[in-house]
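The values are calculated or read from the model by the stated rules, or taken from the named source; none is laboratory data. Everything numeric here is computed off the predicted structure, so don't read it as measured data. Every residue, glycine as well, gets a Cβ built from its backbone with ideal geometry; the counts of neighbours run over all protein chains shown. Please note that ligands, DNA and RNA were not included when accessible areas were found on the heavy atoms of the full protein model with its side chains. Shrake-Rupley method; radii C 1.70, N 1.55, O 1.52, S 1.80 Å.
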Amino acid sequence: AQKITQTQPGMFVQEKEAVTLDCTYDTSDPSYGLFWYKQPSSGEMIFLIYQGSYDQQNATEGRYSLNFQKARKSANLVISASQLGDSAMYFCAMREGPTGYALNFGKGTSLLVTP
Amino acid sequence: ETGVTQTPRHLVMGMTNKKSLKCEQHLGHNAMYWYKQSAKKPLELMFVYSLEERVENNSVPSRFSPECPNSSHLFLHLHTLQPEDSALYLCASSHARTSRGDQPQHFGDGTRLSIL
């Protein structure tokens, strides 16, 4: 069964607008971490933001925020004031358990920011 | 500027060749990872080394052989690969889970591997 589901294969947003990228996850472990990564066409995976399962507040990092709804098992990424350089693939990932190493990735969402 | 460097960036090899991918991290991390990224599939974790010991091995064919001589270097030795092994191979590093709780993995630019 897929652990991470990203239902939007592709998204368009106009420059300076906000955009939400969806992510739902599946786990029975009470301890887990959720990550978002950005992958430009160059290939490098760039870490954006992290949310722990026990964190009370939604994570924020500059223009990125994570809308964490634990009961719904969703961890949507919100990018405010989109820029042309935000055009890339975005991946949601989850690590389960307090000591595990494996990151389970979703299939990704391709975001295109238009002028 | 990336703290994780992978070489080569591109590699084309025949099915009978032997080659190695190299990864080096300058972030002071002590866990290193190999991932495979194929078209239209999620990233697949291949191997994890923590404190220079292999801690995860996800049913990877024996034609892929990892080596971690120290906490800064990681190799992936390739031998008798198949066309379906063509993919982007990404290396990552992080602090070990035992030391600082949950830590993000930092990735290199990857090696684009093509098998003829």
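Per-residue answers, yes or no, for (1) away from chain B (no Cβ under 14 Å); (2) part of a loop (DSSP other than H, G, I, E, B); (3) surrounded by 15 or more Cβ atoms within 10 Å (Cβ to Cβ):
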site	(1), (2), (3)
A:Lys38	no, no, yes
A:Gly43	no, yes, yes
A:Ile49	no, no, yes
A:Gln57	yes, yes, no
A:Leu66	no, no, yes
A:Ala71	yes, yes, no
A:Val78	yes, no, yes
A:Tyr90	no, no, yes
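Only strands (runs of 3 or more DSSP E) whose full extent lies in the stretch B:34-116 are considered here, and the ones with at least 1 residues that are away from chain A (no Cβ under 14 Å) are B:64-70, B:73-79, B:111-115.
Just to verify a result, which residue in the stretch B:12-33, among those that are touching a His at 6+ places or on another chain (Cβ under 6 Å) and more than 14 Å from chain A (Cβ to nearest Cβ), is modelled with the lowest pLDDT? Of everything passing the filter in the stretch B:12-33, B:Lys18 is modelled with the lowest pLDDT. For the stretch B:1-23, which positions are open to solvent by 50 Å² or more (accessible area, probe 1.4 Å), over 17 Å from B:Pro83 (Cα atoms) and either among the acidic types (Asp, Glu) or in a loop (DSSP other than H, G, I, E, B) (or both)? Matches in the stretch B:1-23: B:Glu1, B:Arg9. Residues that are outside any loop (DSSP other than H, G, I, E, B), surrounded by 18 or more Cβ atoms within 10 Å (Cβ to Cβ), within 10 Å of another protein chain (Cβ to nearest Cβ) and touching a residue at least 24 places away in the same chain (Cβ under 8 Å) do not occur anywhere in the stretch A:5-25. Residue count for the stretch A:92-115, restricted to those that are in contact (Cβ under 8 Å) with a residue 12 or more places away in the chain, open to solvent by 50 Å² or more (accessible area, probe 1.4 Å) and at the interface with chain B (Cβ under 8 Å from one of its Cβ atoms): 3. Looking across the stretch B:73-116, the residues that are polar (S, T, N, Q) and open to solvent by 40 Å² or more (accessible area, probe 1.4 Å) come down to B:Thr80, B:Gln82, B:Ser86, B:Thr98, B:Ser99, B:Gln103, B:Ser114.
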